[in-house]
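Trainee: Just passing along the structure, written as structure tokens.
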Amino acid sequence: MSKLPRVAVVILNWNGRFFLEKFLPSVYNSSYPNIEFVIGDNASDDDSILFVKQYYPTITILENDKNYGFAGGYNKVLERVDADYYILLNSDVEVSQNWIEPVVAYMESNPNIAAAQPKILSFHSKEKFEHAGAAGGYMDYLGFPFCRGRILHEVEEDHGQYDQESEIFWASGAALFIREKAWKEANGLDEDFFAHMEEIDLCWRLKKMGYAIGYCPTSVVYHVGGGTLNASNPKKTYLNFRNNLVMLQKNLPLGKAIWIIFLRLWFDFAALMKFLIDRKPKDAWAISRAHQYFLLNIFKNARKRKKYRATENQKGLYNSSVIIDFYANNKHKFSQLNPKDFK
């Protein structure tokens, strides 16, 4: 029997004592044999690292000198980790004992899959999908991300309707399996993103290199979500709107990027007005700040655009508008979307 691939489960921590105490036991009891557990710490000032050292002395701790965010933090940590597969796992995720084996077997049998995710359910409502990843990530032609099991804010219950292994557009950073080779080829995450959508950008770049992204439903994890920034936080609003525009500029063909970003700015303006109507001026200002950042850094991000020799893999791209489908056509479930509109 051939040796199982080496897997490193890497949890990025920042002042996460509560989550580590609650969820580390399930992770530590994972049944996969050829495994290393790593806590990457973004310069926490709580006692989370003391807790790990005291109760989990065999876990490797790699400390960063400051808080580099999700993107920079993982880049700095994974420079010091050697494995065949990295699993980037949020600290607010509960796992089952055999959550690793199915995904590794799936990726080993599909060499072109660079990254994959398990089924992600809600920790607080375990019969429902979780917002950040659900049953695999997709993207519409205007760059709005959505998932099987979650469109915008509407989350479905899991009835086994998405229990098929499948190729997707992006895999969630809450529980991201990625080959070390592919991570290094893509140069990891874009550190300028700090947090939010950096995994979508990474998956898109991998697809442009000719790789595929996969979803493995026989592995299930339970995600709390919003552990670092909750949905109503204006900083989250800023990062989501800012990073989405940057991601479109980086990854779309130039001509397409120009007109799609033009359209997106108008969609964003509508969202800004909605925040003002709802008396959320801080969120409205966050969108304005996101646009200012985007315009001020447009030449810097233009230099990040790359030409790839391989034909871009567009599997998981929805050639329609999920926003119009949701609000105008009353399509709130993935299964209601027109299959012919998917590439």
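Trainee: Return the total of residues in segment 125-154 being farther than 26 Å from residue 253 by Cα and over 17 Å from the mean Cα position of the chain (by Cα).
Mentor: Of the residues in segment 125-154, 5 are farther than 26 Å from residue 253 by Cα and over 17 Å from the mean Cα position of the chain (by Cα).
Trainee: Which ranges mark the helices (runs of 4 or more DSSP H) fully within segment 246-343 that have 1 or more residues being polar (S, T, N, Q)?
Mentor: In segment 246-343, the matching helices (runs of 4 or more DSSP H) lie at 281-296, 298-302.
Trainee: Out of segment 104-127, which residues are of a type outside the set (S, T, N, Q) and crowded, with 17+ Cβ neighbours inside 10 Å?
Mentor: Passing the criteria: 104, 106, 107, 113, 114, 115, 116, 118, 119, 120, 121, 123.
Trainee: Quick one: residue 169 ticks every box in (1) surrounded by 24 or more Cβ atoms within 10 Å (Cβ to Cβ); (2) of a type in the set (Phe, Trp, Tyr); (3) in contact with an Asp or Glu (Cβ under 6 Å, 6 or more places away or on another chain) bar one, so which box is it?
Mentor: Of the numbered conditions (1) surrounded by 24 or more Cβ atoms within 10 Å (Cβ to Cβ); (2) of a type in the set (Phe, Trp, Tyr); (3) in contact with an Asp or Glu (Cβ under 6 Å, 6 or more places away or on another chain), the odd one out for residue 169 is (3).
Trainee: Go through (1) in contact with a strand residue (DSSP E or B) (Cβ under 8 Å, 6 or more places away or on another chain); (2) closer than 19 Å to residue 13 by Cα; (3) touching a residue at least 24 places away in the same chain (Cβ under 8 Å) for residue 119 and report which single condition fails.
Mentor: Residue 119 satisfies all of (1) in contact with a strand residue (DSSP E or B) (Cβ under 8 Å, 6 or more places away or on another chain); (2) closer than 19 Å to residue 13 by Cα; (3) touching a residue at least 24 places away in the same chain (Cβ under 8 Å) except (2).
Trainee: Is segment 43-58 home to any residue that is in contact (Cβ under 8 Å) with a residue 12 or more places away in the chain, touching a helix residue (DSSP H, G or I) at 6+ places or on another chain (Cβ under 7 Å) and under 23 Å from residue 220 (Cβ atoms)?
Mentor: Among the residues of segment 43-58, not one is in contact (Cβ under 8 Å) with a residue 12 or more places away in the chain, touching a helix residue (DSSP H, G or I) at 6+ places or on another chain (Cβ under 7 Å) and under 23 Å from residue 220 (Cβ atoms), which makes the answer no.
Trainee: Whether any residue in segment 212-230 is at pLDDT below 95, over 21 Å from residue 89 (Cβ atoms), outside the structural domain of residue 292 (by TED's automatic domain parsing) and hydrophobic (A, V, I, L, M, F, W, C) is what I want to check.
Mentor: Looking for residues that are at pLDDT below 95, over 21 Å from residue 89 (Cβ atoms), outside the structural domain of residue 292 (by TED's automatic domain parsing) and hydrophobic (A, V, I, L, M, F, W, C), one finds none in segment 212-230, hence no.
Trainee: Is at least one residue of segment 232-242 at pLDDT below 95, surrounded by fewer than 20 Cβ atoms within 10 Å (Cβ to Cβ) and small (Gly, Ala, Ser)?
Mentor: Within segment 232-242 (the criterion being at pLDDT below 95, surrounded by fewer than 20 Cβ atoms within 10 Å (Cβ to Cβ) and small (Gly, Ala, Ser)), the answer is yes, since at least one residue qualifies.
Trainee: Further question: Among (1) at pLDDT 95 or above; (2) crowded, with 20+ Cβ neighbours inside 10 Å, there is one condition residue 196 misses while meeting the rest; what is its number?
Mentor: For residue 196, the exception is condition (1).
Trainee: Working only within segment 41-82, note down all residues that are assigned to a helix (DSSP H, G or I) and not aliphatic (A, V, I, L, M).
Mentor: Hits for segment 41-82 are 48, 51, 53, 54, 55, 69, 70, 72, 73, 74, 75, 76.
The values are calculated or read from the model by the stated rules, or taken from the named source; none is laboratory data. Computed from a predicted structure; not experimentally measured. Neighbour counts are summed over all protein chains in view; Cβ atoms, including those assigned to glycine, are modelled from backbone coordinates with ideal geometry.
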